[in-house]
1. So for each of 84-90, 249-255 I average, over its residues, the number of other beta carbons within 10 Å; can you give me the resulting order with the highest mean first?
2. Which angle from 0 to 90°, rounded to the nearest 10, does the C-alpha axis of helix 94-106 make with the longest principal axis of the chain?
3. When Lys and Arg each count +1 and Asp and Glu each count -1, what net charge do the other residues less than 10 Å away from residue 172, Cβ to Cβ, add up to?
4. Collect residues whose amide H, placed 1.01 Å from N in the peptide plane, falls under 5 Å from the amide H of residue 284; neighbours closer than 5 in sequence don't count.
5. Would you calculate a helix-derived [θ] at 222 nm for the chain, using -39,500 (n - 2.57) for each DSSP H run of n ≥ 4 and dividing by the full residue count, to the nearest 500?
6. What ranking do 230-237, 273-280, 6-13 get when scored by the average of other Cβ atoms within 10 Å per residue, highest first?
7. Tell me the volume per residue, in Å³, of the convex hull enclosing the alpha carbons of the range 1-139.
8. Give the separation of the Cα centroids, the range 195-209 to the range 77-153, in Å.
Amino acid sequence: MKIMMIAGEVSGDIHGAGLIRCLRSKNDNIDFFGIGGLKMLRENFRPYYMLDTLQTHGLVEVLRHIPRLYQTLWRMRDALEEERPEALILIDYPGFNLKLAAYAKLKGIPVIFFNSPQIWAWRKGRLKTIRRVVDKMIVLFPFEEKIYQQAGVEVSWVGHPLLDQIQSDYDSSTFRKQYGLKNDLPLLAIAPGSRPSEMRRHLPTLLEALPNIQKKIGDIQCILPVAESLDFKEVKMVVESSTVPVTLIPEQFIESIQACDAAIVASGTASLQTGLALKPFAIVY
């Protein structure tokens with residue numbers, strides 16, 4: 001059995017890996033392939049492209065990469081023809097994924113969309129396209145289920161996978177000891193984003209803000225969980241210019257957030273994760 005899966009964001013990679021584990025627990029002979037990230041690769045996912053092929057941020061970057069995005073889309077259309085999967089699972093990333101869904105629909109391949117586009121916030125017109133090209137919508141929030149039911153789209157609400165990542169009994173002292181952090185000093189986590197372009201824009205500004213934060217509240221400790229989609233050496237080079245020491249944490253975003261006292265995070269999945277951990281935080285974008 002073959003299933004094509006497309007994840008275009010780091011959050012999609014997280015969800016995709018979870019989906020692969022869940023589906024393989026029912027049938028360990030499924031061959032998953034398509035576009036994904038490192039977490040999906042660890043689940044024996046067969047990549048045509050890595051998700052950084054699709055990652056863009058901001059209008060200028062999107063325009064610059066339009067030829068590459070369409071080249072990738074055409075290749076994945078060819079893959080649908082060549083592989084003839086039993087289903088196509090699309091994870092968010094609607095600009096690309098709905099185009100591929102339309103082609104799969106023409107070829108009679110069932111289309112499952114996991115994590116609805118935020119049509120309740122913007123681009124409500126996409127609902128017509130979704131009704132036409134998506135066979136099953138799987139949503140993370142209960143109010144989304146009602147929207148699709150009213151529109152005549154087959155839908156299921158499954159809850160948010162990020163809830164499973166939060167540990168109610170998390171012991172932050174173990175984490176602090178591991179990285180040489182003191183228990184009696186405030187710990188601030190900074191998360192500039194998982195895309196390289198986000199990190200390059202946000203991180204210098206965040207580092208400039210640290211001395212002002214320290215002046216207002218006194219001595220602080222700072223950590224920066226480095227997403228695996230980023231170049232650790234590049235992040236380290238940027239952080240070395242900071243006048244306030246920053247400890248780099250390889251990956252371990254959830255652990256970093258649960259251990260900290262407050263955080264400054266880039267808008268997106270990281271802000272939702274921080275809120276779920278019940279930590280005070282500011283969003284940058």
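1. Details: 84-90: 20.4, 249-255: 17.4.
Ranking the peptides 84-90, 249-255 by packing returns 84-90, 249-255.
2. 20
3. -1
4. When sequence neighbours closer than 5 places are left aside, the close amide H contacts are 265, 266, 267.
5. Details: 12 runs with 128 residues, N = 285.
Using -39500 (n - 2.57) per qualifying helix, the result is -13500 deg cm²/dmol.
6. Numbers: 230-237: 13.8, 273-280: 17.4, 6-13: 25.6.
Peptide ranking by packing, descending: 6-13, 273-280, 230-237.
7. Details: hull volume 14.3 nm³, N = 139.
Hull volume normalised by residue count: 103 Å³.
8. After rounding, the separation between the Cα centres reads 33 Å.
Every number in this text was worked out from the coordinates using simple rules, so none of it is lab data. Quick caveat: nothing in here was measured; it's all calculated off a predicted structure. So basically every Cβ, Gly included, is an ideal-geometry build from the backbone, and we count neighbours across all protein chains shown.
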